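Right, one structure below, let's go through it.
What follows draws every value from the coordinates through simple rules; no lab data is involved. Just so it is clear, the model here is predicted, and its values are computed rather than measured. Please note: Cβ atoms are built from the backbone with ideal geometry, for glycine as well, and neighbour counts cover all protein chains shown.
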């Protein structure tokens, strides 16, 4: 009996010292191919583990829908997602920081791309045209453009032929425009050159920049203990401009954020 108590005491000590600490899962909305995403997030996950002392692992997802589903079923504890997807998962997650992508401080925006030899020059020219979008959950690859269409009194869903890119990839939009499969494409402004190695140089151009939107959210599960949430928040805010970890994520830095800052997206979506 004494030996049983000794073993039990030993296991309790081990658990209490974090040997069997829970592993928290991180994922980023899969806007790029898996290889690029792995390169982007690996340094960030390694940094979070070191800085917070938490056991964190990267969990890739296959699509926007898969990412959202895994957030809602509790698989993902820490997420990095666009504003639209954040509003959809905000019952399960809360924003703790926003990923600043450039120096303008305005947020980010989408663009409309066409071929250089296209006769499409204005938003009105896109009526009845075949357009490829990233997905209807994509801020830079659909919603930013949709706002501009509304301002021009054009119902994007009714007045244009919309095609969703395979696997919701920005690259697939660019390639489709490049080879002439579609008349135009909607992508994030920052994604313009990510498919350069797959297309003929000069085969796509930016027709117009579209509406500014809030930054991506770094969110955590609402049930995450407060001390762990605070350590994650402190870790990302500690990163300095120019850090290689931020460069890998293709952002300038993180700033404090909260759920209320995304109310504007809820109004737009409605």
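Taking every pair of distinct Cα atoms and averaging 1/r, then inverting, what Kirkwood hydrodynamic radius in Å comes out for region 61-135? Every distinct Cα pair counted, the radius reaches 15.6 Å. Arranged from fewest to most other beta-carbon atoms within 10 Å of their beta carbon, 204, 182, 148 become 148, 182, 204.
Here the simple spin-label model places points 7 Å from the Cα toward Cβ, and for residue 258 and residue 49 these points are separated by 3.3 nm. Structural size metrics of region 138-204, computed from C-alpha coordinates, are Rg and Dmax of 12.3, 37 Å. Over the chain, the alpha carbon radius of gyration divided by the compact-protein estimate 2.2 N^0.38 Å works out to 1.16. Taking 34, 60, 201 in turn, the Gaussian network model of the chain (Cα-Cα springs below 10 Å) assigns the largest fluctuation to 201. Pairing the Cα long axis of helix 2-16 with the longest principal axis of the chain, what angle in degrees results, from 0 to 90 and rounded to the nearest 10? Compared with the principal axis, the helix lies near 30 degrees.
Where both bridge residues fall in region 108-213, DSSP classifies roughly 60% of the beta bridges as antiparallel.
Taking the longest Cα principal axis of the chain as reference, the axis of helix 226-238 is set at about 50 degrees. Cβ crowding within 10 Å ranks 56, 112 as 56, 112, fewest other Cβ atoms first. By other beta-carbon atoms within 10 Å, ranking 169, 266 with the fewest at the front produces 266, 169. Over region 183-244, with a single point scatterer placed on each C-alpha, what log10 of the ratio I(q)/I(0) does the Debye formula yield at q = 0.15, 0.25 1/Å? The Cα Debye sum returns log10 ratios of -0.76, -1.12.
Compared with the dominant Cα axis of the chain, that is its longest principal axis, helix 34-52 is turned about 40°. Using alpha carbons only, the radius of gyration of region 114-228 set against its Kirkwood radius gives Rg/Rh = 1.06.
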